[in-house]
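Before any comments, here is the structure.
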Amino acid sequence: MIEWLMAASWSPYLVGAGIGVLIWTVFLLSDRPLGCSTAYAKTAGMIESAVSRQKTESMPYYRKISPTIDWQWMLVVGTMIGAALSAYLSGGWSISVVPPLFKESFGADEMLRLTVALTGGILMGLGARWADGCTSGHGISGTLQLSLASWIAVICFFAAGIIAAGLIYGFSFL
Amino acid sequence: MAFDMIRSSGRAQKALGLLSGLVFGFLLQKGGLTEFDVILGQLLLTDFTVVKVMLSAILVGMAGVFFMRWMGLVRLQIKPGSMGSTVLGGIIFGVGFAILGYCPGTAAAAFGAGAVDALVGMVGIVIGAGIFARLYPALDRLILNWGAFSADTLPELIGLKPGIVAAVMAALIIGLLYLLDALGR
């Protein structure tokens, strides 16, 4: 058991099946889908609220998604801890800034990578709320319920992602 | 429902959220999805780990959720969509996905595993979500409801029973996973 938890990686099929079973428990015990991006909108709302509570409470979006700590927010906290634990157990926990593929293409400049990451994050946060879900909420939880919007969303995520990645790094599969 | 007590307890839900996150983050790290190179590899079509994980999760998740629904234990949580919301938002998300190299869930997991760029990406996602909240009244009026989809689910769209569509989808997913394996991806 311990050896298994300490393994560097598991089969993607096993990991996927594990996420599937996790989603059963979320539907059963929490009556909701598993999605990550709402927590980021809640965080934005909490920050706005710390600046001006009155103004934040009057914003229609934060009346729709209340900026409070709840299941969804704790999910993201847990995700950070769970991944840290897994990396630590397999001896793979280490601080990194510039991923290998990025370094190969654009060099080891940390500020460049962080600026790019911030830019990508802003677009992603905007897009996730715009489409009302992300790779987990639409991509897994929604598709498995045969939701039409989720299947269309995940096709758009990957179609746009594949084209953008190809333009940035070159269409290496061609 | 049998689980009303747990479902309506705020404290229990926070604990369950944390616990679900622990499992989710552990699985994402073990699957290699905390690595930028693995995610970009999927978008560059050189590494199919992300698709394998997602399709296996959909296959197993679908079987359990539809079975529990048939048992009367759970209800579906379907969001309606539109061209203006789902398609436009999805395209913006996809471009951000390629630039950041993590998604909202895997960014949190990658940060947990020590990736500083993922933390900065998370800050960006919060800013982007904040921008959306500011734009929401105007977007809701002008764009988000444009081209509403005629159906909420694939079974409704096709006009077949959910059980049949789920079975066909399961067969397609298994076929696709076999194909990827056969192609050595």
Two decimals, Cα atoms only, Kirkwood Rh: what is Rg/Rh over region A:95-174? 1.05
For region A:20-174, what class follows from the C-alpha gyration tensor (a ≥ b ≥ c being the square roots of its eigenvalues): rounded when a/c is under 1.5, otherwise prolate if a/b is larger than b/c, else oblate? rounded
Beyond 18 Å between alpha-carbons counts as too far, so tell me which of A:Lys42/A:Lys64; A:Lys103/B:Lys30; A:Lys42/B:Lys14 fall in that bin. A:Lys103/B:Lys30
With just the Cα atoms defining each centre, how far is region B:75-152 from region B:53-67? Give it in Å. 23 Å
Simple spin-label model, 7 Å along Cα-to-Cβ: B:Thr46 to A:Phe171 in nm? 1.6 nm
Can you check what the net charge comes to around A:Glu110, using other residues whose Cβ is under 14 Å from the Cβ of A:Glu110 (Lys, Arg +1; Asp, Glu -1)? 0
Work out the charge dipole of chain A with +1 on the Cβ of Lys and Arg and -1 on the Cβ of Asp and Glu about the Cα centre, then indicate which of A:Ser37, A:Pro99, A:Leu14 is farthest towards its positive end. A:Ser37
Note down the nm distance, to one decimal, between modelled labels 7 Å out along Cα→Cβ at B:Ala148 and at A:Ser105. 4.0 nm
Please report the spacing between the Cα centers of region A:1-57 and region A:132-174 in Å, no decimals. 18 Å
Two-decimal Rg/Rh across chain B, once Rg and the Kirkwood Rh are taken from alpha-carbon atoms: 0.98
Between A:Met46 and A:Ser11, what's the calculated FRET efficiency when r is the beta-carbon distance and R0 is 41 Å? Round to 0.05. 0.60
Highest GNM mean-square fluctuation among A:Ala84, A:Ala149, A:Ala128, for chain A with Cα springs under 10 Å, belongs to A:Ala84
Unit charges on C-beta of K, R, D, E only; dipole of chain A, Debye: 400 debye
Residues in region A:68-103 that a label on A:Glu3 would reach, taking backbone N under 17 Å of a point 7 Å out along Cα→Cβ: A:90-91
Suppose a student asked you for the relative contact order of region A:96-162, using Cα pairs under 8 Å spaced at least 6 residues apart; what percent would you report? 19 percent
Dipole moment magnitude, nearest 20 debye, chain B about Cα centre, only Lys, Arg, Asp, Glu C-beta charged: 520 debye
So for region B:28-67, Kirkwood radius off the Cα pairs, Stokes-Einstein at 37 °C and 0.692 mPa s: how many µm² s⁻¹? 304 µm²/s
Provide, in order from the shortest bin, the percent of all Cα-Cα pairs of the protein assembly as shown in each 20 Å bin, continuing until the bin that contains the maximum pair distance. 31, 62, 7
Please compute the average number of Cβ atoms from other chains found within 10 Å of each residue's Cβ in peptide B:141-154. 2
Which aspartates and glutamates, if any, have their Cα less than 20 Å from the Cα of A:Lys55, not counting same-chain residues under 8 positions apart? B:Asp140
Plugging the Cβ-Cβ distance of B:Met5 and B:Leu179 into 1/(1 + (r/R0)^6) at R0 = 41 Å yields, to the nearest 0.05, a FRET efficiency of 0.35
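No value in this document is a laboratory result; all are computed from the given coordinates. Quantities reported herein were computed from a predicted structural model and do not represent experimental measurements. Note that we place each Cβ from the backbone using ideal geometry, even for glycine, and neighbour counts take in every protein chain shown.
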